[in-house]
Amino acid sequence: MGVVLGVIFHFIGGFASGSFYVPYKKVRRWSWESYWIVGGLFSWLIVPPLAAWLTLPGFGQIISSTPSNVIFYTILFGVLWGIGGLTYGLGVRYLGMSLGNSVVLGFCSAFGALVPSIYYNFFPAPDKTTLSQLLTETWGQVVLLGVVICLIGIYVCGRAGVLKEREMNEEQKKQSISEFNLGKGLFVAITSGILSSCFNFGIEAGKPMAEQAVALGLNPLYQNNVTYVVLLWGGLTTNLLWCLFLNTRNKTFGDYTNERAPLTSNYLFSALAGTTWFLQFFFYGMGESKLGNGASSWILHMAFIILIANTWGIILKEWHGVSSKTRNTIIAGISLIILSVMVVGYGNAIK
């Protein structure tokens, strides 16, 4: 039952992550940096401590009593992840939700799922999955098979994006994705995918805070919420500095009070996007408490995000006007990702 709940929680988290960018599409007459940082304030500063307060009473005392080196490394990985999250937004901006998410999360899946197990192979720790276990134990081999299938599915989704690029003229690209740019988008998406995996490392770095919450008798289902508060300080720092720089360079500080823009709805949609974004990790933490923070949890989370994001891409007609070959290619990629989720889930069930 724990495995089933873990998969369900990861699906809800994946749905939140794969959907959070949709409200941003309703923002009008604001530059990207303006709505990104308004949403980010909810994602990284406002909602995380609120969630921790509701689920882990006394979380502030846990943070204040945590050794400084744990806080430092948690924030450091948060800063690195913040760069990945920042370039994620740019990747979706230039490639669209389908292709952008597939490229970003493909690299994020591989690095986030496998690097921790490689680390624990050299620095063993109780209850931590090592690469040797994945390679030599039956359940681990099944999980790795699921990872491979997921990466193949991501490649197929990326292939569909390349076919789309070849088929569509400039006017069609602009109609489906207003700022479509394959070269620029691929560069920032690959960068984002690699650095975004640092969130998983940050969860590991901040694990002593989560363990302290459990030791105090708090609900282990929500143990990671205290870690998120600190981890997301790093993400806030990176994104805030960059967006303020863009506001200055592009002279867009006036967006926040621009009377020609629908200010109320812009703030509401940005807040909704930011809150939805945080919910992905709120539910990831619940899934991780059931499955562990190894390759299984991370690949399930990433696969569900890709699945939902590609579904939104189809609903928003990002693939409108392409050939049946291209449309079948993206459907095949999504199908492989669904298969990978089932394989990883089976690997966990026989563990």
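Worth a mention:
- Restricting attention to region 42-54, the residues that are touching a helix residue (DSSP H, G or I) at 6+ places or on another chain (Cβ under 6 Å) and either of a type in the set (Gly, Ala, Ser) or surrounded by fewer than 20 Cβ atoms within 10 Å (Cβ to Cβ) (or both) add up to 5.
- Where a residue in region 38-56 is at positive phi and its partner, wherever it lies, is aromatic (Phe, Trp, Tyr) and part of a helix (DSSP H, G or I), with Cβ under 7 Å and at least six apart: none
- Summed over region 124-136, residues that are open to solvent by 50 Å² or more (accessible area, probe 1.4 Å), free of Cβ contacts under 8 Å to residues at least 40 places away in the same chain and assigned to a loop (DSSP other than H, G, I, E, B) total 2.
- Evaluating Thr252 against the criteria (1) in contact with an Asp or Glu (Cβ under 7 Å, 6 or more places away or on another chain); (2) open to solvent by less than 10 Å² (accessible area, probe 1.4 Å) leaves one unmet condition, (2).
- Residue selection: Ala16 satisfies the criterion of being within 24 Å of Phe201 (Cβ to Cβ) and touching a Ser or Thr at 6+ places or on another chain (Cβ under 7 Å).
- Candidates Phe245, Phe283, Phe269, Phe278 - the one that is in a helix (DSSP H, G or I), among the aromatic types (Phe, Trp, Tyr) and in contact with a Gly (Cβ under 6 Å, 6 or more places away or on another chain): Phe283
Yes/no matrix, rows are residues, columns are (1) of a type outside the set (D, E, K, R); (2) at pLDDT 85 or above; (3) in a helix (DSSP H, G or I); (4) over 19 Å from the mean Cα position of the chain (by Cα):
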position	(1), (2), (3), (4)
Trp312	yes, no, yes, no
Lys317	no, no, no, yes
Gly321	yes, no, no, yes
Thr326	yes, yes, yes, yes
Ala332	yes, yes, yes, yes
Ile338	yes, no, yes, no
Val344	yes, no, yes, no
Gly347	yes, no, yes, yes
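- Residue in region 258-279 that is open to solvent by 20 Å² or more (accessible area, probe 1.4 Å), on the phi < 0 side of the Ramachandran plot and among the acidic types (Asp, Glu) present: yes
- Qualifying residue in region 32-41 (condition: surrounded by fewer than 24 Cβ atoms within 10 Å (Cβ to Cβ) and of a type in the set (Phe, Trp, Tyr)): yes
- From the list Ala189, Ala213, Ala295, the lone residue that is crowded, with 17+ Cβ neighbours inside 10 Å, at pLDDT 90 or above and at negative phi is Ala213.
Here's the yes/no breakdown for (1) open to solvent by 60 Å² or more (accessible area, probe 1.4 Å); (2) of a type in the set (Phe, Trp, Tyr); (3) under 25 Å from Gly91 (Cα atoms):
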{"position": "Met209", "(1), (2), (3)": "no, no, no"}
{"position": "Val226", "(1), (2), (3)": "no, no, no"}
{"position": "Asn239", "(1), (2), (3)": "no, no, yes"}
{"position": "Phe245", "(1), (2), (3)": "yes, yes, yes"}
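- Among residues of region 305-351 being of a type in the set (Gly, Ala, Ser), touching a residue at least 24 places away in the same chain (Cβ under 8 Å) and open to solvent by 20 Å² or more (accessible area, probe 1.4 Å), the one that is nearest to Gln133 (Cα to Cα) is Ala349.
- Boolean, Ser289 is part of a helix (DSSP H, G or I), open to solvent by 20 Å² or more (accessible area, probe 1.4 Å) and over 30 Å from Gln133 (Cβ atoms): no
- Near pairs, Cβ below 6 angstrom, 6+ apart or cross-chain, from region 4-20 (within 15 Å of Gly100 (Cα to Cα) and buried (at least 22 other Cβ atoms within 10 Å of the Cβ)) to any residue that is modelled with pLDDT of 85 or more and of a type in the set (Val, Ile, Thr): Phe20/Thr276
The values are calculated or read from the model by the stated rules, or taken from the named source; none is laboratory data. As the structure is a computational prediction, the values presented were derived from the model and not from experiment. Virtual Cβ from ideal backbone geometry, glycine too; neighbours counted across all protein chains shown. Just so you know, the surface numbers come from the protein's heavy atoms only, side chains and all, with ligands and any DNA or RNA stripped out. Shrake-Rupley method; radii C 1.70, N 1.55, O 1.52, S 1.80 Å.
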